[in-house]
Amino acid sequence: MATAGFLERERIVAPPGWSRWLIPPAALSIHLAIGEAYAWSVFKIPLGNTLLKGNEYAGTLTALPFTLGIVMLGVSAALFGTAVDHRGPRWAMLVATCCFSAGFLISALGVAIGQYWMVILGYGFVGGIGLGIGYISPVSTLIKWFPDRPGMATGIAIMGFGGGALIASPWSTSMLTAFGATGPNAQASGIAKTFLVHGIVYAAFMSMGWLLIRVPAPGWHPAGWDSTTAHKRPLESKGNVSARNAIKTPQFWFLWVVLCFNVTAGIGILERAAPLYQDFFRGSSPAQAVATAAAGFVAILSLANMLGRIIWSSTSDVIGRKNAYRMYLGVGALLYLVLDLVENASKAVFLICAMLILSFYGAGFATVPAYLRDLFGTYEVGAIHGRLLTAWSLAGVLGPLIVNFIADRQKAAGLSGPALYGLSFRIMIGLLVIGFICNELIKPVDAKFHEPSEDLASARRAE
Amino acid sequence: MSDTTSTGLSPARLVLTVIAWLWVLVPFLYGVWQLLIKVVPLFSG
C-alpha cells in the first residue's frame, strides 16, 4: 500500500551524503509546535469571559484541557513508545501532527457551536496524544545520528519543547486580540478562529518534521567516530535492553525517582513564579512595578529553563551523565538552601539561584534520553523514555501541590513574605537529596537483561 | 559506512539545510525576542 510504504522505516533510510544536521530542525519543528501546550493559559481568560461566562467553575474548567493534555502526554508516551520505536519516526511525527492539529480543529468547532466539552476532548485528549507521541518521536533517531554527542542532540530537540511556549504565547495573544476574543465585547467566535488558525498553521509547520526526518543507514557512523574504539563511560551499556526488560531493572526506577524529584523541585518554583516573586519583594517598589517585574521573572525563568536544556545536556557529553545529575541534584539542593537562608536580602542572589534551579530542571528533561541510551542501548530507547515520562506526570502534580498548599497554610497562620516558602524549600532540598542518592545507586545494567544479539539482528531485519 | 558530509554538501542539500534551519529558527528567535522584552522591567526597577 502506497501510504504504508511512505511511512515505513525503509523509505526514510538516509541516502549517501545526507547531512545529519538536517535531523535537529526536523525534530525542532515537532517540539517547537507541541511546546505550545505551556502557553495554554492565554486562552483561560478569553474562555472564562465568553463561552464560560457566569460559570462558577470557570477557573477549574479552563484549566482542564491543559491538565488532561499533560496527563495524556505521559500516558501516550508510555503506551505508544514501543510503536514509535518499531514503526519509525516518520509514522510517529505524522501521527503527532494529525493529533495535535486535530485537537485545535475539534476545539475550534466546539467553541463555534458552544460545546465546551469538545475543547476538553480536542485539546486535552486528542491533542494530548499528539504531545506524547510527538515528544518521544525524534529522540531515538537523534541519538542514532549523534552517537558522539547524544546529550547535545536531544538537548536541542527538548529545548524546542521549552521554546514552543515562547512563540505561542505572544502569537496566540495577538491573534485573540485581532479576532475580537478579548476586551469588554469579547466574542467566542474569536477564540474559535484562533484555534482554527492554530490547527492549520501547526499542521503545516510540523509537516517539515515528518517530510525531512531520515534514519541512518545500517552501519552508518559519523566521520572519524568508531563505536568499537570510542571512549566508553563507566555506565555505558555493552548490550541493548528491551523496554519490557528495562522496567525490571533497578536502574530504571532509580532514574524514575531522579527525574520525578528533579522535576518536582523545579516545577514548584515555575508554577508559582509570579506570586513567589511578589511575596519576596513586595514593598521594595511600587506595587505596579513589582507586578511588572514579576512578569519579567516568569520570562527569565523560561529562558533559564530553555538554555539549561541545551547547555547542561551538551555538557553531559563531556562530564558524563552521572556527574551531570550530581550537579543538577546536589547543586540544586545547595541553591535551595541559599534561597532559604538569604530570603529577600539580595535580589541578585535570589535571581541567580532561581535561574540555576530552573536551568537544572530543564536539563533534567534534556539529559535523560542520553542517560537511558548509556544504560539500555539504542534498541528501544524511545519506548523506555516514554515509560520514564510517567515520572513527569506525578511531578507535575506533586511540585505545585507542595508549594501552593504550604504557602496557603502559612498565609492562614498569619505569615507573609519569604516565610511562606521556607518549609517548601526545605522539602525540595530533601527530595533533591533523595534523588542524589538514587543517582549514586545507578550502576551498569546486568548483562542478563541484555537482548541476545541474534534476536536483535532478526528484529531489525523484520523492521 | 561513515559520514560523507565531511567531504562537503551538494548545493541542493546545502540550500535544504539552510531552509530547514530558518524554518525553525525564525519563529524561535521571534519568541526569544518577545521574552527579552518582558525581562527588561525586572532589572529596571
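Computed from the coordinates by the stated procedures, all read-outs in this text should not be read as laboratory data. Because the structure is predicted, anything quoted here is derived from the model rather than measured. In this analysis, Cβ positions are derived from the backbone assuming ideal geometry, glycine residues included, and neighbour counts consider all displayed protein chains.
Binning the alpha carbon pair distances of the range A:2-212 at 10 angstrom intervals from zero yields the distribution 9, 35, 31, 16, 7, 1, 0, expressed in whole percent. Think of chain A as a dipole: +1 on every Lys or Arg Cβ, -1 on every Asp or Glu Cβ, centred on the Cα centre; then among A:311, A:131, A:253, A:311 lies furthest on the positive end.
Count charges around residue A:298 for me, please; just the other residues with Cβ under 13 Å from its Cβ, Lys/Arg as +1, Asp/Glu as -1. Counting the neighbours of residue A:298, the net charge comes to +1.
Given charges of +1 on the Cβ of Lys and Arg and -1 on the Cβ of Asp and Glu, with all other atoms neutral, how large is the dipole of the range A:243-454 about its Cα centre, in debye to the nearest 20? Please list the in-between numbers first.
Details: 16 positive and 12 negative charges, 32 e Å.
It works out to roughly 160 debye.
Rounded to the nearest 20 debye, the dipole size of the protein assembly as shown about its Cα centre is 80 debye, using +1 on the Cβ of Lys and Arg and -1 on the Cβ of Asp and Glu. The phi torsions of the range A:365-371, fed into the Karplus equation with coefficients 6.51, -1.76 and 1.60 and a -60° offset, translate into couplings of 5, 6, 8, 5, x, 5, 5 Hz, rounded to whole numbers, with Gly and Pro shown as x.
The phi-based Karplus calculation (6.51 cos²θ - 1.76 cosθ + 1.60; θ = phi - 60°) puts the 3J(HN,Hα) values of the range A:35-46 at x, 3, 3, 6, 9, 3, 4, 5, 8, 5, 5, x Hz, whole numbers, x for Gly and Pro.
Averaging the sequence gap over all C-alpha pairs within less than 8 Å and six or more residues apart, then dividing by the number of residues, gives the range A:49-140 a relative contact order of 42 percent. The Cα trace of the range B:6-45 gives Rg and Dmax of 17.0, 53 Å, the first to one decimal, the second as a whole number. Normalised by 2.2 N^0.38 Å, where N counts its residues, the alpha-carbon radius of gyration of the protein assembly as shown equals 0.97.
Annotation: amide H-H contacts under 5 Å for residue A:221 (H modelled 1.01 Å from N, sequence separation of 5 or more, or interchain): B:2, B:3. The phi-based Karplus calculation (6.51 cos²θ - 1.76 cosθ + 1.60; θ = phi - 60°) puts the 3J(HN,Hα) values of the range A:260-273 at 4, 6, 5, 5, 4, 5, x, 5, x, 6, 4, 5, 10, 4 Hz, whole numbers, x for Gly and Pro.
Could you work out, residue by residue across A:19-29, how many beta carbons of other chains sit within 10 Å of that residue's beta carbon, and then give the average as an integer?
Working: counts 10, 2, 6, 8, 1, 3, 9, 3, 1, 7, 4.
Mean partner shielding for this stretch: 5.
Compute the relative contact order of chain A as a whole-number percentage, counting only Cα pairs closer than 8 Å that sit 6 or more residues apart in sequence. Walk me through the numbers before you get to the answer.
Details: 792 pairs, mean separation 108.8, N = 463.
Worked out over chain A, it gives 23 percent.
Cross-link reach is defined here as a Cα-Cα straight distance under 20 Å, omitting same-chain residues fewer than 8 places apart; for residue A:44 the aspartates and glutamates meeting it are A:36, A:56, A:271. Quick check on the range A:125-173: take the gyration tensor over C-alpha atoms, sort the square-rooted eigenvalues as a ≥ b ≥ c, and tell me if it's rounded (a/c under 1.5), prolate or oblate. Note, shape of the range A:125-173 comes out oblate.
State to the nearest 20 debye the size of the charge dipole of the range A:1-110 about its Cα centre, where the only charges are +1 on K and R beta carbons and -1 on D and E beta carbons.
Value, rounded to 20: 140 debye.
Rounded to two decimals, what is the ratio between the C-alpha radius of gyration of the range A:92-243 and 2.2 N^0.38 Å? Don't jump to the answer; show the numbers that get you there.
On the way: Rg = 20.3 Å, N = 152, 2.2 N^0.38 = 14.8 Å.
Its radius of gyration relative to the 2.2 N^0.38 Å reference: 1.37.
May I ask for the net charge around residue A:141, where only other residues with Cβ less than 11 Å from the Cβ of residue A:141 are counted and Lys, Arg are +1 while Asp, Glu are -1? With Lys, Arg at +1 and Asp, Glu at -1, the net is +4. With a cut-off of 13 Å between beta carbons, the residues surrounding residue A:170 carry a summed charge of 0, where Lys and Arg count +1 and Asp and Glu -1.
Once the Cα-Cα distance is subtracted from the 0.36 nm per residue extended length, the residue A:453 to residue A:318 segment shows a gain of 45.7 nm. Which of the residue pairs A:144/A:248; A:238/A:448; A:322/A:347 have a Cα-Cα distance greater than 20 Å in the structure shown? Listed pairs above 20 Å: A:144/A:248; A:322/A:347. Amide H to amide H distances under 5 Å link residue A:13 with A:215, where only residues 5 or more positions off or on other chains count and H is placed in the peptide plane.
Taking label positions 7 Å along the Cα-Cβ direction at both residue A:434 and residue A:227, the computed distance is 3.7 nm, reported to one decimal.
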